[in-house]
Amino acid sequence: MNVENIRKDFPILSKEINNRPLIYLDNAATTHKPLQVINAISDYYKEYNANPHRGAHALSYASTEIYEQGRQKVKAFIGAEGTDEIIFTHNTTEAINMVAKSFLESLLRSKDAITVAISDHHSCLIPPIEIAKKVGADIDYLELDEDCLISDDEISKKIHKGTRMVFVGHVSNVLGTINPIEKIIQRARDVNAYVLIDGAQAAPHEQVDVAKLDVDFYCFSGHKMLGPMGIGVLYGKKVLLEQMMPYNYGGNMVNFITKDHVDYKRSPHGLEAGTQNVEAVYGLSAAIDYLNAIGMKKIKDHQSQLLEYALKQLSSIAEIELYGPNDLDYRTGIISFNLRDIHPHDIASILDIDGIAIRSGYHCAQPLMNYLNLSSTCRASFYIYNTLKDIDLLVEGLFKARRYLSYGHQ
Amino acid sequence: MDINDIYTEIIIEKSMDKKNQRELSHADVSKRAYNASCGDDITIHLKYDGSIIKNASFTGTGCAISRASASMMIDLIKGKTKDEAIALSETFIGMIKSEITDAEELKLLDDAIYLKNIAKMPARVKCAVLCWHALQEC
């Protein structure tokens, strides 16, 4: 994997911030786009634009082809069995809301329980929690052990006979932990509970095989994997998607409608009301092509290399706190940390002056922050265009922050 | 933009000054202000003697700007009445919003005037005004 060549495909990486080269370490928030994706979006409007599915003219056919081929491409990317198992949404958040409102709500009763993880992103937590609160069901939290992992014991305790559905992240956006989703799915099977896995931080970085996982629902966002914003994917087993009432009502999702009766389309179109983000599907297709050309295995190996190097370099800084598991087999390229004597917001600001972009705050994971007794952390997260030098510059920046703002450390 | 434009000597100095960052026993009122987006979480404590703010302090965690602002605010409001303190908070917030620029008016802010440049940094405005909003709600 030639990172230098890859970087040439990303126009934004030649940008300067305060007369310094951009060092972008906020990929868990969003990723940059290669020309192939940017051009795809632009080409869509130059060559193919029309409202798909409903027209009887050339451009409408072309647009329909692009949209449905995009669906085909996503299906292959995640190992789904049929294109009717792939629903396009705006993002992961919408996908999870869709499952919460159109699936969980009709299944959950007040004597039931749902299970979530304490490390879940708010988008994975809040939709099911609101439904549970509405019907008066219990909420169980999978908690972390001292190594920031979810133990077997925890899984069997918190997913039990009363559990109807589990909502868990595949990878934590704060700690970078790869959760034991195979074990979670198996346990859910044993107690007849359904599982939704939030794959926003996983699908961009490793090969996902939803059929092999035997997961009920899996979702992720295009913009975190080189694709444009405004496109997400909900994978659902066909038999389950067929049970879901429509999430949004409107155009393009009915077979016929009379004054007395509506016959809704089945999956996938029944769950995609109105004009969809076709440009973004085309952009996502180009992103998938780009990733496949490199190979997801190589991408994962590159992440591991950066992670290992970063953890080693960061641990050499005095008074640094690194969060997350020690075992690198359970981690991806996301590192949350604090310098004991400097507030994360100040660290991020000082790094920003030198063109280095990290994230500071609670990362939309307040329950996790409370659980770890933290109010905020810094977060650096890597992707295919980051280099070891980026990490060296991050470390240099942290030493600089300390020179300016520390309470006596040098 | 240079690091010294944001982290001026006085901001660094005031952010590290522990004199005003402490618990206040038997405080008459405490008010918490929390900025979820960046993790600033400051509580201010006031003790009155009649209508005069006899003692004040702040506790919590926050970035250098929020702490410097809180420290300077505490120095400014001690010995003032509640109304005078509120008036000063309006002046400060007006300064940060670039709505108040008159030098005579701004002089009333004493050292807090050194946060004037934050007006040019939208990302840090919330940090600078956090404690002053808490004061207004006391």
Filter the chymotrypsin sites (Phe, Trp or Tyr not before Pro) in the stretch A:247-333 to those in DSSP coil with at most 13 other Cβ atoms within 10 Å of their Cβ, and list the result.
A:249
Long-range alpha-carbon pairs in the stretch A:262-398, meaning those over 24 Å apart, account in percent for 47 percent
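Quick one: compute the contact order of the stretch A:210-323, relative version, from alpha carbon pairs under 8 angstrom and 6+ residues apart, as a percent.
Working: 99 pairs, mean separation 23.4, N = 114.
Across the stretch A:210-323, relative contact order equals 21 percent.
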What is the calculated FRET efficiency for residue B:25 to residue B:48, with r their C-beta to C-beta distance and R₀ = 25 Å, to the nearest 0.05?
0.95
If you bin the C-alpha pair distances of chain A every 10 Å from 0, what whole percents do you get?
5, 22, 30, 25, 14, 4, 1, 0
Can you tell me the mean projection area, over all orientations, of the convex hull of the stretch A:166-299's alpha carbons? Units nm², please.
9.8 nm²
Summing -39500 (n - 2.57) over every DSSP H run of at least 4 in chain B, dividing by its residue total and rounding to the nearest 500, the 222 nm mean residue ellipticity is -13000 deg cm²/dmol
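Apply 1/(1 + (r/R0)^6) to the Cβ-Cβ distance of residue A:68 and residue A:143, taking R0 = 41 Å, and write down the FRET efficiency to the nearest 0.05.
Given R0 = 41 Å and the Cβ-Cβ separation, E is 0.45.
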Residues residue A:256 and residue A:39, FRET efficiency given R0 of 35 Å [Cβ-Cβ distance, rounded to 0.05]:
0.30
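Sequence gap at least 6, Cα distance under 8 Å: using those rules, report the relative contact order of the stretch A:294-364 to the nearest whole percent.
Relative contact order for the stretch A:294-364 comes out at 24 percent.
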Compute the relative contact order of chain A as a whole-number percentage, counting only Cα pairs closer than 8 Å that sit 6 or more residues apart in sequence.
22 percent
Taking a label point 7 Å from the Cα of residue B:32 along the Cα→Cβ vector, which residues of the stretch A:357-391 have an amide N closer than 13 Å to it?
A:370, A:375
Would you mind checking A:400/B:47; A:46/A:259; A:75/A:298; A:46/A:75; A:312/B:18 for any pair whose Cα atoms are more than 31 angstrom apart?
A:400/B:47; A:46/A:259; A:312/B:18
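Read the figures in this text as sums done on the coordinates, not as results from a lab. What you are looking at is a predicted structure, and each value in this text was computed from that prediction instead of being measured. With ideal geometry, Cβ positions are generated from the backbone for all residues, glycine too; neighbour counts draw on all protein chains shown.
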